[in-house]
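Working notes, beginning with the structure itself.
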Amino acid sequence: MKTLKVGIASLEEMKKRTIAIARGEMKPAKDDPKVWFTSPESFAKV
């Protein structure tokens with residue numbers, strides 16, 4: 001079974017990260033989370 005890594009960040013932080021990756025300013029690490037949530041509560045609902 002695989003472990004799913006999730007990240008918790010505000011919507012604004014997720015936008016900044018996504019734009020930085022798209023611009024090539026940042027390269028996501030191999031072990032970075034693939035799924036992001038805005039709060040632990042929203043993660044718990046899934």
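Structural remarks
- Residue count for the chain, restricted to those that are acidic (Asp, Glu) and in contact with a Lys or Arg (Cβ under 8 Å, 6 or more places away or on another chain): 2
- Meets criteria (over 12 Å from the mean Cα position of the chain (by Cα), at pLDDT 95 or above and aliphatic (A, V, I, L, M)) for ALA44: no
- Selection over the chain of residues that are acidic (Asp, Glu) and either in a loop (DSSP other than H, G, I, E, B) or surrounded by 10 or more Cβ atoms within 10 Å (Cβ to Cβ) (or both) gives a count of 4.
The values are calculated or read from the model by the stated rules, or taken from the named source; none is laboratory data. This structure is a prediction, so every number in the text was calculated from the model and none was measured. Every residue, glycine as well, gets a Cβ built from its backbone with ideal geometry; the counts of neighbours run over all protein chains shown.
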